[in-house]
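Notes follow the structure.
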Amino acid sequence: MPGTYKTEAVVLRSIRYGEADRVLHLYTSDRGRIGAVAKGVRRVRSRLGGRLEPLSRVRLVLHQGRGELSTISQVDTVNAHPSLRERRPSLERAVQACEAVLRLFDSTEPNPPAYNLLCNELALLDIHPAAAGRAQALAFRVKLLLAAGFTPELSACATCGETDHLGAFSPSAGGVVCSSCEAGSFPLSGEAHTFMVDALARPLADAPQAGERALSQADRALAETLEHHAHVRLRRVRAA
């Protein structure tokens, strides 16, 4: 419905538009993902200035006209995350987190857990350089799948319900599988399985650690789950 509204958002992506404008992909606290145009923002004297850079958390006043894009009329910074922009590993992880949200949450349906998770991840990367590690990035992705409704089955065989001998992962079945149901699966070590379970249970700031082999297996499990069930392909989480 046309009219002016306020919201809080994270800037996921910024695209040049025309001579001085930018089109922004925003993930909001109460409206899901929206598109907006910041008119004249690339001019030197723009009052919107650098407040709308990707990775920034902002409060906005927007006007919704008849088109798909809202127009930004006012912006205040909640957190610009300046420190993470000075460290390449942190910056890359932050961009990757925003890209995952951009790809997974493409509707205007609000998802407060996803929004809060993204805000927490960016704040953590801004404050703690060690948070840019691979294990922490995968812990974020495990929780993001939970918020999106695509959490893999980890407590029992996704095919038959068996709780023992869970040594493989089947993307088509949607989780771990036992030795009797492992056709079409790939090996999943006990360490990788435990990592994913603990990543779901622990706070983001207390992400579990694991060896590189286990992390690679967990990364594959999460990526192929999304490809099979959400039809979304995300970049793999590589070591920094």
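How many residues, within region 78-108, are of a type in the set (Val, Ile, Thr) and modelled with pLDDT under 95?
1
What do you reckon, is Gln209 in the same structural domain as Ala137 (by TED's automatic domain parsing) and outside any helix (DSSP H, G or I)?
yes
Could you tell me which of the residues Leu118, Leu124, Leu144 is closer than 28 Å to Asp21 by Cα, touching a residue at least 40 places away in the same chain (Cβ under 8 Å) and of a type in the set (A, V, I, L, M)?
After ruling out the rest, the residue left standing is Leu118.
From the list Ala147, Ala205, Ala223, Ala239, pick out the single residue that is surrounded by 19 or more Cβ atoms within 10 Å (Cβ to Cβ) and either at pLDDT 95 or above or within 21 Å of the chain's Cα centre (by Cα) (or both).
The match here is Ala147.
Quick check: is even one residue across region 157-170 assigned by TED's automatic domain parsing to the domain that holds Thr108 and closer than 18 Å to Arg236 by Cα?
yes
Restricting to region 150-170, give me the number of residues that are buried (at least 20 other Cβ atoms within 10 Å of the Cβ) and of a type in the set (S, T, N, Q).
Final tally of qualifying residues: 2.
In region 185-202, which residues are over 23 Å from the mean Cα position of the chain (by Cα) and in a helix (DSSP H, G or I)?
Passing the criteria: Gly190, Glu191.
Pairs please, first residue from region 31-60 and among the β-branched types (Val, Ile, Thr), second anywhere and at pLDDT below 80, Cβ atoms under 8 Å, 6+ apart in sequence or on different chains.
That search, which allows pairs on different chains as well, returns Val41/Leu48; Val41/Gly49.
Pull up region 1-23, narrow it to residues that are over 17 Å from the mean Cα position of the chain (by Cα) and hydrophobic (A, V, I, L, M, F, W, C), then point me to the one that is surrounded by the fewest Cβ atoms within 10 Å (Cβ to Cβ).
Only one residue fits best here, namely Met1.
In region 76-93, which residues are touching a strand residue (DSSP E or B) at 6+ places or on another chain (Cβ under 6 Å) and crowded, with 21+ Cβ neighbours inside 10 Å?
Within region 76-93, none qualify.
Hey, any hits in region 12-20 for a residue that's at pLDDT 90 or above and closer than 13 Å to Val58 by Cα?
yes
Filter region 39-63 down to the residues that are more than 26 Å from Leu124 (Cα to Cα) and at pLDDT 90 or above, then identify the one that is surrounded by the most Cβ atoms within 10 Å (Cβ to Cβ).
The extreme case among them is Leu62.
Select the strands (runs of 3 or more DSSP E) contained entirely in region 1-78, then report the ones holding at least 2 residues which are over 26 Å from Ala94 (Cα atoms).
3-17, 57-64
The values are calculated or read from the model by the stated rules, or taken from the named source; none is laboratory data. A quick note: this is a predicted structure, and the numbers were derived from the prediction, not measured. Glycine also receives a Cβ, built like all others from the backbone with ideal geometry; neighbour counts cover every protein chain displayed.
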